[in-house]
Amino acid sequence: MDTLGAIAICTEPYVKGNETSDSSDGAVLQKRLSKKDKIFSVDMWRTIFGQALYQVIVLVILMYFGTLMLVEKSYNLITEPIRDSKGNPTYKMQMDTMIFHTTVLMTLLN
């Protein structure tokens with residue numbers, strides 16, 4: 001998940017020594033933060049909590065109502081086994097896989 005951030009940092013132009021630059025590219029890398037500076041702004045916190053709330057709502061809907069929308073037969077979330085006696089995947093395993101992939105895609109697209 002850190003790949004795009006690493007690419008963004010690695011493609012910044014190099015600035016020698018402690019020179020300050022008028023361009024925003026080099027100045028951002030050389031700015032020193034004091035202990036009083038805030039790392040997260042109010043807008044960043046709002047975005048983080050908004051995205052977390054969105055993901056939780058989507059995943060809860062998929063977990064509890066996904067059986068009504070996506071599979072043929074409803075099942076018990078707690079007692080249903082992942083595989084049947086023959087080793088074939090059950091609807092619970094299919095839904096768990098769908099929920100996992102939804103989580104990964106929402107995180108990636110965030």
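The values are calculated or read from the model by the stated rules, or taken from the named source; none is laboratory data. Computed from a prediction, not measured in an experiment: that's the story for all the values here. As a convention, Cβ positions derive from the backbone with ideal geometry for all residues, glycine included, and neighbour counts pool all protein chains shown.
Hey, any hits in the stretch 41-64 for a residue that's assigned to a loop (DSSP other than H, G, I, E, B) and at pLDDT below 90? Spell out the reasoning first.
Within the stretch 41-64, the first condition is being assigned to a loop (DSSP other than H, G, I, E, B), and the residues that meet it are 41.
Right, trim to at pLDDT below 90 and you get 41.
Checked against the condition, which is being assigned to a loop (DSSP other than H, G, I, E, B) and at pLDDT below 90, the stretch 41-64 yields at least one hit.
Looking at (1) at pLDDT 75 or above; (2) not assigned by TED's automatic domain parsing to the domain that holds residue 103, can you tell me which one residue 25 breaks?
Failed condition: (1).
Of all residues in the stretch 85-110, count the ones that are in a loop (DSSP other than H, G, I, E, B) and surrounded by 11 or more Cβ atoms within 10 Å (Cβ to Cβ).
Let us first name the residues in the stretch 85-110 that are in a loop (DSSP other than H, G, I, E, B), namely 85-88, 90, 110.
Still in the running and surrounded by 11 or more Cβ atoms within 10 Å (Cβ to Cβ): 90, 110.
Total satisfying the criteria: 2.
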